[in-house]
């Protein structure tokens, strides 16, 4: 009877160890997917900001005067994450979007979004 109890305890410990290992794998996969999703959202938001800034320049002849609030109000820009216009000059800009720890930026008007701050 003691031997049976010992085997049952060992089985429980083995099962618990397997559950813990699988749990760790699942958590790691979920975290990786969240990072990929955050990066995708930040990149898409950065591209939307660039398009909106081009519309602003077409209307005003310059990027000067563009602010996140003004772009949201006048052009209905809705960004997932935090938008910062790091540099806004007559013919160029650097816009940055941060979302869940991922930051993408775009130097405008001719560059592509990059996963770096301005």
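Just so you know, all these numbers are worked out from the coordinates, no wet-lab data involved. Everything quoted here is computed from the prediction, not taken from an experiment. All Cβ positions, glycine included, derive from the backbone under ideal geometry; neighbour counts span all protein chains shown.
Laid out as a table, the results:
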quantity	calculated
Ranked list, fewest to most other Cβ atoms within 10 Å of each Cβ, for 49, 97, 88	88, 97, 49
Relative contact order of segment 2-108, defined on C-alpha pairs under 8 angstrom at six or more residues apart (%)	26 percent
With Cα atoms, 0 to 90° folded angle of helix 2-60 axis to the chain main axis	0 degrees
Normalised contact order of segment 68-118, rounded percent, pairs of Cα under 8 Å and 6 or more residues apart	24 percent
Residues 36, 43, sorted so that the one with the fewest Cβ neighbours within 10 Å comes first	36, 43
Förster-model FRET efficiency, 30 Å R0, residue 36 and residue 69, C-beta, rounded to 0.05	0.50
Listed candidates (1) 45; (2) 28; (3) 24 - label of the one calculated as percent of Cα pairs over 24 Å apart	(1)
The chain: calculated mean residue ellipticity at 222 nm from DSSP helix runs of at least 4, using -39500 (n - 2.57)	-20500 deg cm²/dmol
